[in-house]
Amino acid sequence: MKLDTLRDLLVAELKDIYSAENQILKALPKMAGAATSTQLKTAFETHLKETEGQVKRLEQVFEKLGRSPSGKTCKAMQGLVEEGNELLKEDADPEVLDAALIAAAQKVEHYEIASYGTVRTYAAQLGDADICALLQQTLDEEGATDKKLTQLAEGCVNLAAAA
Ligand code: FE
Ligand code: FE
Ligand code: FE
């Protein structure tokens, strides 16, 4: 891929995020299935629905740019998902596994927050207000999900008591 302009870089980064979101779409049902706490299960299921909307939003962005969303695999997300899958194979106490799932999910959210923050700023610098607004919407959802996960992690009080 030729990267001559900031717009080329925007498209390259968006393709990476599109790949990442599609990997997350497949991983979230597994994480919801593995979670013991009802609240955590619900949080994963809610974010799955949001993620479906985020993929559609990205498709809108690509349409506005007149470019195709395919052509890149996010290797970082492959790694994060692989680490998550490894957790599911561990012989873990259910509450400890929940805490580990929260940690894995927050790593994913932080990757997304970094990625969307970047493309949102590129879009703003290029004067693409519509694209900037779409990306900001997703960035806000990722931020809210991260905060929700932090709350759930802080709720893992039984774990601390057991220690
Ligand atoms: Fe997302
Ligand atoms: Fe990536
Ligand atoms: Fe997310």
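The values are calculated or read from the model by the stated rules, or taken from the named source; none is laboratory data. Predicted model only: the values in this text are computed from it and were never measured. A quick note on method: Cβ atoms are made from the backbone with ideal geometry, for glycine too, and the neighbour counts reach across all protein chains shown. Surface accessibility is based on the protein's heavy atoms, side chains included, excluding ligands, DNA and RNA. Shrake-Rupley method; radii C 1.70, N 1.55, O 1.52, S 1.80 Å.
Would you check if Gln60 is open to solvent by 30 Å² or more (accessible area, probe 1.4 Å), more than 12 Å from ligand 1 (Cβ to nearest atom), of a type outside the set (Gly, Ala, Ser) and at negative phi? Yes: the conditions hold for Gln60.
Only a single criterion out of (1) free of Cβ contacts under 8 Å to residues at least 60 places away in the same chain; (2) touching a helix residue (DSSP H, G or I) at 6+ places or on another chain (Cβ under 9 Å); (3) more than 18 Å from Lys30 (Cβ to Cβ); (4) open to solvent by 80 Å² or more (accessible area, probe 1.4 Å) is not satisfied by Glu154, namely (2).
Any residue in segment 69-85 that is open to solvent by 80 Å² or more (accessible area, probe 1.4 Å) sitting within a Cβ distance under 8 Å of a residue that is within 16 Å of ligand 3 (Cβ to nearest atom) and not in a loop (DSSP other than H, G, I, E, B)? List the pairs, counting only those 6 or more apart or interchain. Close Cβ pairs (under 8 Å, with a partner that is within 16 Å of ligand 3 (Cβ to nearest atom) and not in a loop (DSSP other than H, G, I, E, B)) amount to Lys72/Asp16; Lys72/Tyr18; Lys72/Ser19; Gln78/Gln23; Glu83/Ala104; Glu83/Lys107.
Taking Pro94 as meeting all but one of (1) open to solvent by 30 Å² or more (accessible area, probe 1.4 Å); (2) modelled with pLDDT of 95 or more; (3) in contact with a Ser or Thr (Cβ under 9 Å, 6 or more places away or on another chain), write down the number of the exception. So Pro94 meets the others, but not (2).
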